[in-house]
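The values are calculated or read from the model by the stated rules, or taken from the named source; none is laboratory data. This one's a predicted model, so the numbers in the text were calculated from it and none came from an experiment. Don't worry about glycine lacking a Cβ; one is built from the backbone with ideal geometry, like all the others, and counts go over all protein chains shown. Areas reflect the complete protein model, heavy atoms only, side chains present, ligands, DNA and RNA absent. Shrake-Rupley method; radii C 1.70, N 1.55, O 1.52, S 1.80 Å.
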Amino acid sequence: EAGVAQSPRYKIIEKRQSVAFWCNPISGHATLYWYQQILGQGPKLLIQFQNNGVVDDSQLPKDRFSAERLKGVDSTLKIQPAKLEDSAVYLCASSPPWGTQSPTQYFGPGTRLLVL
Amino acid sequence: EDQVTQSPEALRLQEGESSSLNCSYTVSGLRGLFWYRQDPGKGPEFLFTLYSAGEEKEKERLKATLTKKESFLHITAPKPEDSATYLCAVQARIQGAQKLVFGQGTRLTINP
């Protein structure tokens, strides 16, 4: 079974530029998540989609970050304009639908962003 | 405030030297506790899920246990390939939404 795919794997930009990341979840997974992981810390949830609807975006800096999941499959996360503190790894994860217990989230390899 | 704290931050062991990693949490309405392994430059890799106090799960040299306030990841006779960062995360209802809240991780190094 194919895992979560992300691209690009690395990106270097200058501050105030824009950048976009792409994610393709595991086939059949209705829920998709974007996380930000700063060096030395655990991942922090930015936004959660259920199919193509937003479930939670309370920790997304909406003045500069945006995300969409058209057709309930692939998703893109955009930063515009980027700041130095946005340097981090951006992880995409997906999970099967909720049943009686919490579903397991499966992570992609991440996109490493460096803002100069 | 809902919180997940892992200790120690870093741990160095000799090959074959068993030890335990700790994950303590203060969340209400725990819906599951997850352990992940993360290698440098890669995304977290799922290891275990624990749902209730007293539950235990094992996989090769790893064993995870859960109490009402903390979880332990026991590593028995580790090998150098067990070197990685181990992340603990709890699934809880926070501000009306189900979220996975991660600890900061424990960096484990196994010397041959």
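Values as computed for the structure displayed
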{"quantity": "Calculated FRET value between B:ARG31 and A:LYS83, using beta carbons and R₀ = 30 Å, to 0.05", "calculated": "0.35"}
{"quantity": "Heavy-atom SASA rank of A:HIS29, B:HIS74 (probe 1.4 Å, accessible area, largest first)", "calculated": "B:HIS74, A:HIS29"}
{"quantity": "Accessible-area composition of region A:1-113, carbon plus sulfur, in percent [1.4 Å probe]", "calculated": "51 percent"}
{"quantity": "Percent breakdown of C-alpha pair distances by 10 Å bin, ordered from the shortest bin, for region A:23-83", "calculated": "23, 52, 24, 2"}
{"quantity": "R0 of 45 Å, Cβ-Cβ distance A:SER27-B:GLN95: FRET efficiency to nearest 0.05", "calculated": "0.90"}
{"quantity": "Projected area, mean over directions - region B:2-42, Cα convex hull, nm²", "calculated": "4.3 nm²"}
{"quantity": "Residue-normalised accessible area of the protein assembly as shown, expressed per residue, 1.4 Å probe, Å²", "calculated": "49 Å²"}
{"quantity": "Spatial separation of Cα centroids for region A:37-116 and region A:1-36, in angstrom", "calculated": "8 Å"}
{"quantity": "Chain A: relative contact order as a whole-number percent, Cα under 8 Å and 6+ apart", "calculated": "37 percent"}
{"quantity": "Accessible area of A:CYS23 in the full protein assembly, 1.4 Å probe (Å², nearest 10)", "calculated": "0 Å²"}
{"quantity": "Kirkwood Rh and Cα Rg combined as Rg over Rh, evaluated for region A:1-45", "calculated": "1.02"}
{"quantity": "Whole-angstrom Cα spans of the protein assembly as shown along principal axes, big to small", "calculated": "48, 40, 38"}
{"quantity": "Gain upon complete extension [A:LYS44, A:SER18; 0.36 nm per residue less C-alpha separation]", "calculated": "7.3 nm"}
{"quantity": "Accessible surface of chain B, 1.4 Å probe, proportion on carbon and sulfur as whole %", "calculated": "46 percent"}
{"quantity": "Peptide A:37-43, shielding by other chains (average Cβ, 10 Å cutoff)", "calculated": "6"}
{"quantity": "Area accessible to solvent at B:ASP39, 1.4 Å probe radius, in Å²", "calculated": "40 Å²"}
{"quantity": "In the B-A interface, the accessible area buried, summed over both sides, Å² (probe 1.4 Å)", "calculated": "1700 Å²"}
{"quantity": "Leading residue at positive end of dipole, region B:2-112 (Cβ point charges), from B:THR76, B:LEU100, B:GLN6", "calculated": "B:LEU100"}
{"quantity": "Hydrodynamic radius by Kirkwood, which averages 1/r over all alpha carbon pairs of chain A, in angstrom", "calculated": "14.2 Å"}
{"quantity": "Shape box of chain B [Cα atoms, principal axes, largest first, Å]", "calculated": "47, 31, 20"}
{"quantity": "Size of charge dipole - region A:45-103 - debye, nearest 20, with Cβ of Lys, Arg +1 and Asp, Glu -1, no other charges", "calculated": "120 debye"}
